[in-house]
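For reference, the structure is listed below as structure tokens.
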Amino acid sequence: MVEWTDFERATIQDIFSKMDYESVGHNALARCLVVYPWTQRYFGNFGNLYNAAAIMGNPKVAAHGAVVLHGLDRAVKNMDNIKATYAELSVLHSEKLHVDPDNFRLLADCLTIVVASRLGTGFTADVQAAFQKFLAVVGSALTKQYH
Amino acid sequence: MSLSAKDKNAIKGFWDKIAPEAENIGADALARMLVVYPQTKTYFSHWQDLSPGSAPVRKHGKTVMSGVAEAVSKIDDLTNGLLTLSELHAFQLRVDPANFKILSHNLLVVLAIQFPSDFTPEVHVAMDKFLSAVALALSEKYR
């Protein structure tokens, strides 16, 4: 069972309650596809991903970024039960999407950077620690059903 | 994943913008690393105060960033240019090279906070590649 401090719980709720899911999701996924281009392997049917501008302007990337962020919302609302909450999604990512779990870490890093740039100095070291812990727990839960 | 001419231009251009804030960037990145990745504190047991903003953290952040500055100036041959620093890290400091990645990540987070509009995805990928190349050069003498 993951132990969350009061600070960590409050921080996660605070960050997500103020977040523009569409914008952050779009930017984080696009950044991931630019910074770690091998992640494009999962998006063969997204059309033009030839350069950073194309990726940033691609409507499928924007739409999918929002899907991912809304998926994260489930963990935000079930922080004491993330592993069970994501059991089905874990099976999906393993059996159907065949996503290398290392990608969860890569996307998490891009999300951290996008959220950091939005919150500015409000993204203190303690807030960063809570946010990264949350994303690590999510990544671990999503990896749980892989075999 | 070597640095293209486009990467080098992006890095040098971005470095010119951020260089005046180098000390603050280094101090903030180091402070974050010590908080977010507490295992990194094991390298600084000789410091009295490991909290963000403390004197040893600020001083060491400055030291680290002058190393990064040196790497920017030697961007065309990092392996040879950083040999002395590599020997330092390999033989004296004996920092596990996994930690280079950790510090690099925290540097990128600080850059995103302090330069939100300049730290575009293109600059981000160039800087990530650059810091990885620096880490590789620093690991050169380890074994």
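The values are calculated or read from the model by the stated rules, or taken from the named source; none is laboratory data. As the structure is a prediction and not an experimental result, all values here were calculated from the model. With ideal geometry, Cβ positions are generated from the backbone for all residues, glycine too; neighbour counts draw on all protein chains shown. Calculation scope for accessible area: heavy atoms of the full protein, side chains included, ligands and nucleic acids excluded. Shrake-Rupley method; radii C 1.70, N 1.55, O 1.52, S 1.80 Å.
With the other protein chains left in place, how much accessible area per residue, in square angstrom, belongs to chain B at a 1.4 angstrom probe?
Here the residues of chain B average 51 Å² of exposed surface.
What whole-number value in Å² describes the accessible area per residue of the stretch A:6-143 for a 1.4 Å probe?
On the way: 6390 Å² over 138 residues.
On a per-residue basis, the stretch A:6-143 sits at 46 Å².
Once you sort the root eigenvalues of the Cα gyration tensor of the stretch A:42-143 as a ≥ b ≥ c, which label holds: rounded (a/c under 1.5), prolate (a/b larger than b/c) or oblate (the other case)?
Verdict is oblate for the stretch A:42-143.
Running a GNM on chain B with Cα contacts under 10 Å, which residue among B:HIS46, B:HIS105, B:HIS124 ends up with the highest mean-square fluctuation?
The residue that fluctuates most here is B:HIS46.
Average partner chain C-beta neighbours within 10 Å, per residue of A:29-40?
2
Which translational diffusion coefficient, to the nearest whole µm²/s, is obtained for the stretch B:1-127 from the Stokes-Einstein equation, given a Kirkwood hydrodynamic radius over C-alpha pairs, 20 °C and 1.002 mPa s?
140 µm²/s
Just read off the accessible area of B:THR40 with the full protein assembly in place, 1.4 Å probe, to the nearest 10 Å².
Accessible surface of B:THR40 is approximately 0 Å².
Per residue of B:103-111, count partner chain C-beta atoms within 10 Å of its C-beta, then hand back the mean as an integer. If you can, show how the numbers build up before the last one.
Numbers: counts 0, 0, 4, 3, 0, 6, 10, 3, 3.
Mean inter-chain Cβ contacts per residue within 10 Å come to 3.
On the protein heavy atoms, probe 1.4 angstrom, tell me the percent of accessible surface of the protein assembly as shown carried by carbon and sulfur.
Of all accessible area on the protein assembly as shown, carbon and sulfur atoms account for 55 percent.
Summarise the partner chain shielding of B:23-33 as one whole number: the mean count of Cβ atoms from other chains within 10 Å of each residue's Cβ.
Shielding by partners across B:23-33 averages 1.
Restricting to Cα pairs below 8 Å that are 6+ residues apart, what does the relative contact order work out to for chain B? Please round to a whole percent.
It rounds to 35 percent for chain B.
Just to be sure I understand the model, the point goes 7 Å from the Cα along the line to the Cβ. What's the resulting A:ALA63 to A:THR121 distance in nm?
For the pair A:ALA63/A:THR121, the computed spacing is 4.2 nm.
Mind checking the stretch B:3-89 for chymotrypsin sites (Phe, Trp or Tyr not before Pro) that DSSP puts in a loop (not H, G, I, E or B) and that have at most 16 other Cβ atoms within 10 Å? Don't jump to the answer; show the numbers that get you there.
Working: sites: B:PHE14, B:TRP15, B:TYR43, B:PHE44, B:TRP47; in loops: B:TRP47.
For chymotrypsin sites (Phe, Trp or Tyr not before Pro) across the stretch B:3-89 that sit outside H, G, I, E and B with at most 16 neighbouring Cβ atoms in 10 Å, the list reads B:TRP47.
Mean residue ellipticity at 222 nm from the helices of chain B, using -39,500 (n - 2.57) per DSSP H segment of n ≥ 4 over the full residue count, to the nearest 500 deg cm²/dmol?
Values: 7 runs with 93 residues, N = 143.
The helix-only estimate for chain B comes to -20500 deg cm²/dmol at 222 nm.
Let me know the Kirkwood hydrodynamic radius for the stretch B:97-143, please, with Cα pairs as the basis and the value in Å to one decimal.
Kirkwood hydrodynamic radius for the stretch B:97-143: 11.2 Å.
Could you pull out the pairs from B:LYS12/B:LYS59; B:LYS6/B:LYS41; A:LYS18/B:LYS8 whose alpha carbons sit more than 30 Å apart here?
Where the Cα-Cα span goes over 30 Å, the pairs concerned are B:LYS6/B:LYS41; A:LYS18/B:LYS8.
Only Lys, Arg, Asp and Glu count, each charged at its Cβ (+1, +1, -1, -1), so figure out the dipole size of the stretch B:72-143 about its Cα centre, rounded to 20 debye. Write down the numbers at each step before the final one.
Working: 6 positive and 8 negative charges, 57 e Å.
Computed charge dipole of the stretch B:72-143: roughly 280 debye.
Computed FRET efficiency, Cβ-Cβ of B:ALA98 and A:ASN48, R0 41 Å: what is it to the nearest 0.05?
For B:ALA98 and A:ASN48, the calculated efficiency is 0.65.
Cα centroid distance between the stretch A:68-147 and the stretch B:65-143, in Å?
26 Å
Interface size between chain A and chain B, please: total buried accessible area, 1.4 Å probe, rounded to the nearest 100 Å².
Values: alone 8130 and 8140 Å², together 14590 Å².
The summed interface area works out to 1700 Å².
When the Kirkwood hydrodynamic radius is evaluated over all pairs of different C-alpha atoms of the protein assembly as shown, what value in angstrom, to one decimal, is obtained?
The answer is 20.0 Å.
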